[in-house]
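A.B. asks: There's a structure below that I have some questions on.
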Amino acid sequence: MSLTMQRLHPILFCGLLLLSACARQPDRNTLVMIIESTPANLDPRIGTDAPSERIDMLIFDSLVRRDEHFNLQPSVAVRWEIPDPLTYIFHLRSGVRFHDGRLLTSRDVKWTVDSMLTGTVVSARAGTYKDHLVSVDPPNDSTVIFHLKDSFAGLLWNLADGAFGIVPYGSAVGFNQHPIGSGPFRFVSLQQDNEIILERNADYWDAQRRPHIERVRLAIVPDATTRALELRKGSADIVLTALTPDMVWSMRKDRSLEIEQAPGTIYAYLGFSFRDPLLKDTRVRQAIAYAIDRQPLIEHLWRGEARLAYSILPPQSWAYSDSGMHYDHDVSRARQLLDAAGFRPGPDGMRMHLVMKTSTEESTRLLAATLQQQLRAVGIALDIRTLESATFYSDVTKGAFQLYSLRWIGGNQDPDIFEAVFASSSFPPRRYNRGYYSNPQVDALIAEAASELDQSKRAQIYAQIQQILARDLPYINLWYLDNVLVHTRRVRNLHLSPSGDYDFLTSATLAQ
């Protein structure tokens, strides 16, 4: 069956849209944004899922902030010093207040970290701090000093927005029920599987990020078709990267809606098991890379809402490097590599049989079906094993696969991803090296980069790592998904971030 035939036909989708009810008059002071699921936990020390992190970035401040190239800039910390590799001194901005009126001081920063280290709150983020921190000391209200066990260049990233949010001193278990931050929006309420209400922090210290909209209602709508219908009815204003490409394609014809599309950082890849006797041969992995034709997949599966990837890092990153070793579609080269590896066609024309595990998610299933066709052309029979999401993810995390495809959402924006995913010390369950890739040269370079504080020198080290990974292929780079923002015409002044966060809500305005 062809790729096009397997997908929801656009005409059928358009018919569904015609069933929508009459437009509902929107609240002139409330922007309604649809999200896919309820955040797991709005305590920034605990919530690590995408909805939690993105909403927490609106409610809480961090010590430093990421810019569009993922360089770190001042936030609550107006400046910092590194007198030696084991000491970071942060000088805090004066006059920053929590939403309940309390002043934010160094005592709050210390409590935020210590509450994770001591287990006052159980946090998946605690491991990073436990691995590298000795103590956090507040010599006065406006200064906080981090003492490290070892040189750790990734400390700043772990104190940035999306990874760190400052909570008031004493915040403990249950804080997520009514979180209090110091960010541009304050939390009002959460109804599970229904909505989250945020209100403008009119006294926010950063005038450039002080919101214009009085209120934001984050409506939780799990079904993509319903999300589209709510936009068409006018009962919602915004959906960000949560509609199928077919839906977006159909909605481009709707004059009541506007669509913003910009390069994003969500990274799709194909992963291998290096414990598999067939796939541990580099030539086999390279042959598979040459056999895959990514461009038609981007055009037909994603309707142009993606861009070719050449590294796990997004091109916006200061550490990104294109190694120059690309695997453009080349069936002849793929067959040559398989011949050289000793895999010649059998009586049925097939050289080997592989199994790709996939979830029931539509785009992943269609990807697997297309790869099955493309690999058959070079003599690889690909069997597809479709599993429900929890079972699929469990198998991936345990390394129980030959091939699989997943996406990195946010975690690939900092070069610390190389240690988490490709270091020999990061085999499951400790970290995310699920394919059990191991290269001593890569391990040495990762360690060197982690202890190097000069960013230009770190970038050179990471360029070497990316060059080796392009040769070894623990992952086949597929594409980066674009951020696609569909919104009603009453919403103005939206500025998309490459990371796909919700910061555009701070600049958005509503036309009356």
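The values are calculated or read from the model by the stated rules, or taken from the named source; none is laboratory data. In this text the structure is predicted, and so the values were computed from the model without any measurement. A quick note on method: Cβ atoms are made from the backbone with ideal geometry, for glycine too, and the neighbour counts reach across all protein chains shown.
A.B. asks: Test residue 365 against the stated conditions and say whether it is of a type in the set (D, E, K, R), at pLDDT 95 or above, surrounded by fewer than 18 Cβ atoms within 10 Å (Cβ to Cβ) and on the phi < 0 side of the Ramachandran plot.
C.D. replies: Working: of a type in the set (D, E, K, R): yes; at pLDDT 95 or above: no; surrounded by fewer than 18 Cβ atoms within 10 Å (Cβ to Cβ): yes; on the phi < 0 side of the Ramachandran plot: yes.
Answer is no for this residue.
A.B. asks: Let me ask you something else. Quick check on this structure: which one of 503, 472 is of a type in the set (Asp, Glu), modelled with pLDDT of 95 or more and either more than 17 Å from residue 423 (Cβ to Cβ) or under 22 Å from the mean Cα position of the chain (by Cα) (or both)? So that I can check it myself, show each step before the final result.
C.D. replies: On the way: 472 fails: either more than 17 Å from residue 423 (Cβ to Cβ) or under 22 Å from the mean Cα position of the chain (by Cα) (or both).
After ruling out the rest, the residue left standing is 503.
A.B. asks: Another question about this same structure. In the list 210, 200, 217, 186, which residue meets the criterion of being under 16 Å from residue 35 (Cα atoms) and among the charged types (D, E, K, R)? So that I can check it myself, show each step before the final result.
C.D. replies: Details: 210 fails: under 16 Å from residue 35 (Cα atoms); 200 fails: under 16 Å from residue 35 (Cα atoms); 186 fails: under 16 Å from residue 35 (Cα atoms).
The match here is 217.
A.B. asks: Do you know which residues across the range 66-77 are touching a Leu at 6+ places or on another chain (Cβ under 7 Å) and either assigned to a strand (DSSP E or B) or surrounded by fewer than 12 Cβ atoms within 10 Å (Cβ to Cβ) (or both)? Steps first, please.
C.D. replies: Here is the first cut: in the range 66-77, the residues touching a Leu at 6+ places or on another chain (Cβ under 7 Å) are 66, 72, 75-77.
If the condition is that a residue be touching a Leu at 6+ places or on another chain (Cβ under 7 Å) and either assigned to a strand (DSSP E or B) or surrounded by fewer than 12 Cβ atoms within 10 Å (Cβ to Cβ) (or both), then 66, 72, 77 are the ones that fit.
A.B. asks: Quickly run through the range 405-429 and pick out the residues that are in contact with an Asp or Glu (Cβ under 8 Å, 6 or more places away or on another chain), under 26 Å from residue 371 (Cβ atoms) and modelled with pLDDT of 90 or more. Reasoning before the result, please.
C.D. replies: Of the range 405-429, the ones in contact with an Asp or Glu (Cβ under 8 Å, 6 or more places away or on another chain) are 410, 423-426.
With the extra rule that they be under 26 Å from residue 371 (Cβ atoms), the set shrinks to 410.
Those that are in contact with an Asp or Glu (Cβ under 8 Å, 6 or more places away or on another chain), under 26 Å from residue 371 (Cβ atoms) and modelled with pLDDT of 90 or more: none in the range 405-429.
A.B. asks: Residue 343 is checked against (1) closer than 27 Å to residue 245 by Cβ; (2) surrounded by 19 or more Cβ atoms within 10 Å (Cβ to Cβ); (3) in contact with a strand residue (DSSP E or B) (Cβ under 7 Å, 6 or more places away or on another chain) and fails just one. What number does that condition carry?
C.D. replies: That leaves (1) as the condition not met.
A.B. asks: A follow-up question, please. So, of the residues in the range 346-362 that are surrounded by 12 or more Cβ atoms within 10 Å (Cβ to Cβ) and of a type in the set (D, E, K, R), which turns out to be farthest from the chain's Cα centre (by Cα)?
C.D. replies: Taking the candidates together, the pick is 351.
A.B. asks: Let me ask another. Can you name the residue in the range 91-131 that is in contact with a strand residue (DSSP E or B) (Cβ under 9 Å, 6 or more places away or on another chain), assigned to a loop (DSSP other than H, G, I, E, B) and aliphatic (A, V, I, L, M) and, of all such residues, is nearest to residue 169 (Cα to Cα)?
C.D. replies: Here the residue is 104.
A.B. asks: Taking strands (runs of 3 or more DSSP E) that fall entirely within the range 214-273, which contain at least 2 residues that are closer than 25 Å to residue 299 by Cα? It would help to see each step written out before you state the result.
C.D. replies: Numbers: elements: 215-220, 238-240, 257-272.
Correct list: 238-240, 257-272.
A.B. asks: Let me ask another. Only residues that are over 21 Å from residue 455 (Cα atoms) and in contact with a strand residue (DSSP E or B) (Cβ under 9 Å, 6 or more places away or on another chain): list them for the range 307-325, please.
C.D. replies: To start, the set of residues in the range 307-325 that are over 21 Å from residue 455 (Cα atoms) comprises 307-310, 324-325.
Listed by number, the residues that qualify are 307, 308, 309, 310.
A.B. asks: Within the range 11-34, can one find any residue that is under 30 Å from residue 360 (Cα atoms), at pLDDT 95 or above and out of contact with any strand residue (DSSP E or B) (no Cβ under 6 Å at 6 or more places or on another chain)? Write out each step before concluding.
C.D. replies: Pass one, the range 11-34, residues under 30 Å from residue 360 (Cα atoms): 11-20, 32-34.
Next cut, at pLDDT 95 or above only: 32-34.
Filter once more, keeping what is out of contact with any strand residue (DSSP E or B) (no Cβ under 6 Å at 6 or more places or on another chain): none.
Scanning the range 11-34, I find no residue that is under 30 Å from residue 360 (Cα atoms), at pLDDT 95 or above and out of contact with any strand residue (DSSP E or B) (no Cβ under 6 Å at 6 or more places or on another chain), so the answer is no.
A.B. asks: Return the only residue of 317, 323 being of a type in the set (Ser, Thr, Tyr) and under 23 Å from residue 409 (Cβ atoms). Walk me through it before giving the result.
C.D. replies: Working: 323 fails: under 23 Å from residue 409 (Cβ atoms).
Residue meeting the stated conditions: 317.
A.B. asks: On the basis of being assigned by TED's automatic domain parsing to the domain that holds residue 72, closer than 23 Å to residue 68 by Cα and polar (S, T, N, Q), does residue 140 make the cut?
C.D. replies: Values: assigned by TED's automatic domain parsing to the domain that holds residue 72: yes; closer than 23 Å to residue 68 by Cα: no; polar (S, T, N, Q): yes.
Answer is no for this residue.
A.B. asks: What number of residues within the range 157-211 are farther than 20 Å from residue 117 by Cβ, outside any loop (DSSP other than H, G, I, E, B) and in contact (Cβ under 8 Å) with a residue 40 or more places away in the chain?
C.D. replies: The total comes to 7.
A.B. asks: Next question. Within the range 454-479, how many residues are exposed (fewer than 14 other Cβ atoms within 10 Å of the Cβ) and outside any helix (DSSP H, G or I)?
C.D. replies: Total satisfying the criteria: 1.
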